[in-house]
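Below: the structure, in structure tokens.
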Amino acid sequence: MPSQQPASLRNIESRAAWGMLAPAMTLLIIFIVVPFFLAFLLSLTNERLIPRPIPTKWTGIRNYIRVLTDPDFWQALRNTFWFTFFIVPVQSSIGLGLALLINRQFKGNHIFRGIYFLPTVVPMVMVAIIWAGLLQAPEGVINGILRQISFDQIGPYDWLHHEWLAMPTIMLMSTWQGVGFQMIIYLAGLQNIPKELYEAARIDGANLWQLFWFITLPLLRNTHIVVLITTTILAFKLFTQVEVLTQGGPLGATNSLVRYIYVAGFQYQKVGLAAAASVIFFLIVLAIALCQHHLIQTDKD
Amino acid sequence: MSKIIHGTYYLLLIIIAFLMLIPLIVMFSTSVKSDEFLILKDLGSMAAFWPGVPEWENYQQILGDPNMPFLRFLLNTLIIVFSIVFLGIGVNSMAAYALSRLKFRGKGLIIATVIALIIIPVESLVIPLLLLVNRLGWIDSYHVQIIPFIAHPFSIFLFYQFFNKIPKSLDDAAKVDGADFLQIYWRIILPMSLPVIVTVAILQGLEFWNSFLWPLMVTRGIEYRPISVALAQFFGRDPKVWGDIMAFTTLASLPLLVVYFVFQRWFIQSAIGSSIKG
Amino acid sequence: MYKKLIFFLIWISLVHSIHAAQTIQVWFHSGKGEERKVLNEQVKRFNQMQQEIHVNLILLPEGSYNDQVNAAALAKDLPDLLDFDGPYIANYVWSGFLRPLDKLVNKEIIEDLLPSIINQGTYPGDGRLYSIGTFDSGLALWGNKQLLKKGGVRIPTSTKDAWNLKEFEEALAKLASTPGVKWPLDLKLNYGRGEWFTYGFSPILQSMGGDLIDRKRWVPSGTLNSKASIEAMGLLQKWVKQGWVVNAASGDNKFYGDKSVGLSWVGHWMWQAHKKGLGDDLVLIPMPRFGSKAVTGMGSWNWGITKKSKHPKLAAKFLEFLLQPEEVLRMANANGAVPARLTSIDQSSLYQKGGPLHLFIEQLKTIAVPRPFHPAYPILTSVYAEAVDHILAGGNVEIELNKAVRKIVEDIEDNDGYPPFGK
């Protein structure tokens, strides 16, 4: 008899576990896993978004060929990569810098923390619109400041309608809005570093730079990883600010992958094409995640 | 530390703070100017930072426009975000509890799957998701903006990590007292999890307060449209009236800013960071 | 007592059923303030003057209007009556959203409609009338007489003595060097990428002998990227590069507010603003002959009744109300558009012979070309507008038009050629 007890107990435990998992699992399956496979299926058809009087057909890999031979897709991909490769290091290092600045004990440091994190609390649509006001051409705040500090030598620029300036402008704005997030994560990481390490090193005669380089940076390893991965994923989703401010222009210079999918699938109703682009998008994200994972692993060894 | 270093340190802090605040100052200052010609003139100079004698006409206009019922949009956003956060905390923490505490077959696989799902951006799934919710007849409703986003792999992961750190001995003690798993989860684990609950609430809350692409596709009229989409459309109207636009923007960011200043400690002090940093 | 109660209940329900108005849902794009105001009043009056029908008017933002209609079609949630930009008719009928109006709307009204309105509302697939506009559009050049005279520019008054390309460009060059002129030409680039680009600039294509799509074979290749089309879009790009065109960021009012612009290339809807700003200095100038002929746009927002509507007859009644000569006139006076009914045109001080906007009627009768009637129109107009956007920003004309052609071809292929078109 006693041997059955654990078995039935295990049974109860297992049933309880599945019961508690059920809501989350059901939702995840319906709203992530199913759409995920649906994307694969749809990418092989000529499905249109809204009803039409002709049946949907299998079209094989036609949509993939179309996406991969579409210069607009490659441009969107390039833009997204460029955005990500800029945003990730810049936002991370500024975030770390800010965290270092305000990690010290001094009067009013919580006020500065509060202010530095403030933009992150403002939703992106609103940030984009505020910046649209700042970036007005020729009569906007930023052009105004540039004009005054340069004695009329610089500008005015039409920031968002200039082929070479539009993307950097979007990057700058995104950094302003997003950097508080990295700052917070680094701040927590910094607070986990034992103070004794610094004291010991200082006794050994290490200067500030050495403290940073040999203690702070290496001990933030886990934090770097978290920041790297979350920032990359966030950067890859670039859409809102572009849609509100430039609709991908000028000349497609700010078009992003997500916007490419949105335009293809929603505005042009080409569900098949959008699904193919989504699958490619997903594979790219997966590849990047695996790369980062791999880098982190080898780094460990 | 010498006085000079100390001074430059503060100066640096203040300059950065100013950079962070400029756009918000301009937003507010512009929103309380009623003369559009003056606004356009001011925007090009330092006067953009100065509200002058505040006039509230733009606000009256925004709040009185029947075609753009600001309060309705705000209410929609609040309903959506609160539902997601509230239901999300329940659903995700319960799943995380099972994954962290209970023994069952297939657990490893599920944990791995949840972690893998974290990297799938919702944005890559919007088109099939749109077809799916349309089949369910959900388009243009609150629930189409809520239900798909309750279960959240990253939140599950955060809960899971946090629960793993709570000593098992607590559960065992409760078991001896005859508590079942649900009771342990409800009476012992959850009350100890305030930091991670706050973190998840803030992260998921901010994420969906920000949400734009999805509501853009699934809402049409005023009834269920959240403030982000309404604002973007207001902004898209020509000709642009900056006074009204900035008043709308100020009003739209106000609720979050108030919440932020009241609960600032929670947002900034290690709560978020310590749960995320892994 | 009990019986009395039952009688009472029956009486109540009878009275109720008599007075309970059927509600019909009506969608309207919320564009110009004046249009919104007039339509709101019309709905109010209609709801008050009869008990049978209650019109529930919903205003949707213009920028994403077509997306919204699609989303509603997707959810099978279209209203009873909706307005849409004229050329979308082929797509909507082909997709099965709309029902024919020829049997629903009073014949006398249909016979009194401007021929261009009938033309715009007829679906070539079956030759039946599916949509009716209460006004048509007019596209021409508006001039600042004072600046034009100062620059020594001849001002044509009828399509017969319209400028040719050389004269038009000379006029721009002259204006450019006229004191007080900041920009010679406003192309309303501030409207941004959208239907305006197709409506406003496809006449240049057609004037030069190109077009958006071959209207017999329904293929864009060889038409949208033909030599003539490339040349036509090259002109547009040249004007911008010369610095002749008001840039997008400069706002709406350079012509009628600052009065620093000689010519404004825009439709009837600016009439009120232009008149208010320029007064007697305002002059309407016919579209130039860029190539062998002059071409202007036509067609505006049209009303259609949906197939899914449960009350098509009631919806038609409201539409008939909007089409009464005095209502048509009311709207036309507010937005400056061409009234859809011949009777109203005769009554209109703006449009009758000698009226300040009579030129629009003349253009509609002689040189107006509708935007293509093809189910691929939504994609056609989006990709063309995108191409124009890129060309204005300095993109290579040929490459951009080829890209547009490719996307249209792909769309037609994805829909099996939109049978029965292209057969």
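The residues of the range C:61-99 that are among the acidic types (Asp, Glu), more than 14 Å from chain B (Cβ to nearest Cβ) and under 19 Å from residue C:198 (Cβ atoms), listed by number, are C:83, C:85.
Candidates A:46, A:63: the one that is more than 8 Å from chain B (Cβ to nearest Cβ), modelled with pLDDT of 95 or more and under 26 Å from residue A:277 (Cβ atoms) is A:63. Residues in the range A:52-81 that are within 30 Å of residue A:188 (Cβ to Cβ) and in contact (Cβ under 8 Å) with a residue 60 or more places away in the chain: A:80 only. Of all residues in the range A:217-266, those satisfying the criterion of being of a type in the set (Val, Ile, Thr), closer than 18 Å to residue B:236 by Cα and facing chain B (nearest Cβ under 10 Å) are A:240, A:244. The helices (runs of 4 or more DSSP H) located wholly in the range B:189-247 that include 2 or more residues which are over 22 Å from residue B:82 (Cβ atoms) and within 13 Å of chain A (Cβ to nearest Cβ) occupy B:227-236.
Just so you know, in the range C:173-190 the residues that are assigned to a helix (DSSP H, G or I) and touching a strand residue (DSSP E or B) at 6+ places or on another chain (Cβ under 9 Å) include one that is surrounded by the most Cβ atoms within 10 Å (Cβ to Cβ), and it is C:175.
Exactly one residue out of C:310, C:275, C:353 is in the same structural domain as residue C:93 (by TED's automatic domain parsing) and out of contact with any helix residue (DSSP H, G or I) (no Cβ under 9 Å at 6 or more places or on another chain): that is C:310.
Any residue at all in the range A:101-111 that's assigned to a helix (DSSP H, G or I), within 25 Å of the chain's Cα centre (by Cα) and either more than 7 Å from chain B (Cβ to nearest Cβ) or at pLDDT 95 or above (or both)? Yes; the residues of the range A:101-111 include at least one that is assigned to a helix (DSSP H, G or I), within 25 Å of the chain's Cα centre (by Cα) and either more than 7 Å from chain B (Cβ to nearest Cβ) or at pLDDT 95 or above (or both). The single residue among C:177, C:202 that is over 14 Å from residue C:245 (Cβ atoms), of a type in the set (Ser, Thr, Tyr) and free of Cβ contacts under 8 Å to residues at least 40 places away in the same chain turns out to be C:177. Does residue C:264 fit the bill of being touching a Phe, Trp or Tyr at 6+ places or on another chain (Cβ under 6 Å) and among the hydroxyl-bearing types (Ser, Thr, Tyr)? For residue C:264, the condition - touching a Phe, Trp or Tyr at 6+ places or on another chain (Cβ under 6 Å) and among the hydroxyl-bearing types (Ser, Thr, Tyr) - is met. If the condition is being in a helix (DSSP H, G or I) and in contact (Cβ under 8 Å) with a residue 40 or more places away in the chain, then the range A:136-167 contributes A:160, A:161, A:166, A:167.
Taking the criterion of being in a loop (DSSP other than H, G, I, E, B) and either at the interface with another protein chain (Cβ under 8 Å from one of its Cβ atoms) or surrounded by 21 or more Cβ atoms within 10 Å (Cβ to Cβ) (or both), the residues of the range B:108-164 that qualify are B:119, B:120, B:121, B:137, B:139, B:140, B:150, B:151, B:152. Residue count for the range A:199-243, restricted to those that are surrounded by 15 or more Cβ atoms within 10 Å (Cβ to Cβ) and either under 17 Å from residue A:293 (Cβ atoms) or hydroxyl-bearing (Ser, Thr, Tyr) (or both): 14. For residue A:210, the criteria (1) polar (S, T, N, Q); (2) under 30 Å from residue A:139 (Cα atoms); (3) away from every other protein chain (no Cβ under 14 Å) hold in every case but one, which is (2). Among the helices (runs of 4 or more DSSP H) confined to the range B:1-98, the ones with at least 3 residues that are within 8 Å of chain A (Cβ to nearest Cβ) are located at B:3-31, B:36-43. As a summary of the residue check, residue A:195 satisfies the conditions (1) over 30 Å from residue A:52 (Cβ atoms); (2) within 10 Å of another protein chain (Cβ to nearest Cβ); (3) over 20 Å from the mean Cα position of the chain (by Cα) except for the one numbered (2).
The values are calculated or read from the model by the stated rules, or taken from the named source; none is laboratory data. This structure is a prediction, so every number in the text was calculated from the model and none was measured. Cβ coordinates were reconstructed from backbone atoms using ideal geometry, including for glycine residues, and neighbour counts include every protein chain displayed.
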